[in-house]
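Engineer: Questions regarding the structure given below will be posed in turn.
Read-outs: derived from the displayed coordinates by stated rules, not from any lab. What you are looking at is a predicted structure, and each value in this text was computed from that prediction instead of being measured. Glycine also receives a Cβ, built like all others from the backbone with ideal geometry; neighbour counts cover every protein chain displayed.
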Amino acid sequence: MGRIIGIDLGTTTSEIAYLYNGKPKIVKNTEGDHIIPSVVGLNENNILIFGKHAKRQLTLAPGKTVQEIKRLMGSNAKVKMGDKEYLPQEISALLLKYLKQCAEEYLDEEVEEAVITVPAMFNDLQRQATKDAAFIAGLKVERIINEPTAAALAYGLNNLDKDQKVLVYDLGGGTFDVSILEMFEGIMDVKVSRGNNALGGKDFDERLMNYIFDEAYRLYEINLKKGDAAVLQRVKEAAESAKIDLSSKKYILYRL
């Protein structure tokens, strides 16, 4: 039997981990990245590409690239990539298969099972769609764990000597979850997990995009909303970049 890995199948990025000497260790892909964009695409030769390679072509080839598929999990909505339409779990399966291959190359052994994290408020259909995607990718799902619960457990394992109650926030690209963890006498008890499946970094990006649209029209009378897919993708990338900068740098703001 192969090794069990842990997969955080995120809206915007995904990660893989495994236990090494009793402690979690992050898996890197062949490019040396441990944080992998959750993007799937077809290159100019219609060969599947993933991660940062797929993300790079979002602007130039939006019709051959799919991102943020997690928000459609559990629905029958189809997305088009190239000349073919896919269900959400089919796109997720492609990404999971790539993550499985990354783990096998990194560990130099076969990987057959996985623990996969999902948002706390994922319903039964969304959880089943995640399991279906894993099955298509050749993975047996050992367990589905709520994302904030996984974060709470990770914290608890490093603080078993403390008696306390902890509120764990998990703000991702597409969801926002919290868990309350109670720790006493070396025991960890997750009391409750709740969340919002429609609130995350993606929504911050959209707010910033709308601001850019409004300012472009106010200052230059240019309606960027009517631009083609490539223009909209460039605005989205600019909004995401601005969000990251605003989160980590100090600015003096001037009113125009």
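Engineer: Note down the magnitude of the dipole of the chain about its Cα centre, charges +1 on Lys and Arg C-beta and -1 on Asp and Glu C-beta and zero elsewhere, to the nearest 20 debye.
Structural biologist: Charge dipole, the chain, about its Cα centre: 760 debye, nearest 20.
Engineer: While we're here: If you take the Cα atoms of region 183-224, find Rg, then find the Kirkwood Rh from the mean of 1/r over all pairs, what is Rg/Rh?
Structural biologist: 1.50
Engineer: Helix by helix, which DSSP H runs in the chain go 27 Å or more along their axis at the Cα atoms and have an average Kyte-Doolittle hydropathy of -1.0 or more?
Structural biologist: 88-107, 201-220, 229-248
Engineer: Residues with beta-carbon under 13 Å from that of E68, excluding E68: net charge, scoring Lys, Arg +1 and Asp, Glu -1?
Structural biologist: With Lys, Arg at +1 and Asp, Glu at -1, the net is +1.
Engineer: Follow-up. How long are the three semi-axes of the equivalent ellipsoid for region 3-147, computed from the Cα gyration tensor as the root of 5 times each eigenvalue, in whole Å, largest first?
Structural biologist: 24, 19, 12
Engineer: Let me ask something else. I'd like the Kirkwood hydrodynamic radius of the chain, using the inverse of the mean 1/r over distinct C-alpha pairs, in Å.
Structural biologist: 19.9
Engineer: Among 64-72, 180-188, how do they line up by average Cβ neighbours within 10 Å per residue, starting with the highest?
Structural biologist: My ranking of the peptides, most packed first, is 64-72, 180-188.
Engineer: State the three equivalent ellipsoid semi-axes of region 201-248, derived from the C-alpha gyration tensor as the square roots of 5 times its eigenvalues, in descending order and whole Å.
Structural biologist: Largest first, region 201-248 gives 19, 12, 8 Å.
Engineer: Within a Cβ distance under 10 Å of S193, other residues only, what is the Lys/Arg minus Asp/Glu net charge?
Structural biologist: Net local charge, S193 excluded: -1.
Engineer: Hey, with R₀ at 35 Å, roughly what FRET efficiency would I26 and S75 work out to, going by the Cβ-Cβ distance, to 0.05?
Structural biologist: After rounding, the FRET efficiency stands at 0.70.
Engineer: I would also like to ask the following. Using the scaling law 2.2 N^0.38 Å as the reference, what is the normalised Cα Rg of region 122-249?
Structural biologist: Region 122-249 yields a ratio of 1.46.
Engineer: Hey, rough spin-label estimate for R143 and R3, points 7 angstrom out along Cα→Cβ, what's it come to in nanometres?
Structural biologist: Each label point is offset 7 Å from its Cα along the Cβ direction, giving 1.9 nm.
Engineer: To continue, here is another question. Need the list of lysines near K165 for cross-linking: C-alpha distance under 27 angstrom, and skip anything on the same chain fewer than eight residues off.
Structural biologist: Hits, sequence-local ones excluded: K23, K25, K191.
Engineer: Which net charge results for the neighbourhood of E109, defined as the other residues with beta-carbon distances under 15 angstrom from its beta-carbon, given Lys and Arg at +1 and Asp and Glu at -1?
Structural biologist: -3
Engineer: GNM on the chain, C-alpha springs below 10 Å: top fluctuator among K78, K243, K28?
Structural biologist: K243
Engineer: Estimate the FRET efficiency between A216 and E110 by the formula 1/(1 + (r/R0)^6), using the beta-carbon distance for r and 41 Å for R0, to the nearest 0.05.
Structural biologist: 0.20
Engineer: Any idea how far apart Q101 and L157 come out in nm if each label point goes 7 Å out from Cα toward Cβ?
Structural biologist: That separation, rounded to one decimal, is 2.8 nm.
Engineer: Still on this structure: Compute the distance in nm between two label points, each set 7 Å from the Cα along the Cα-to-Cβ direction, one at D203 and one at K226.
Structural biologist: Using points 7 Å along Cα→Cβ, the separation is 3.1 nm.
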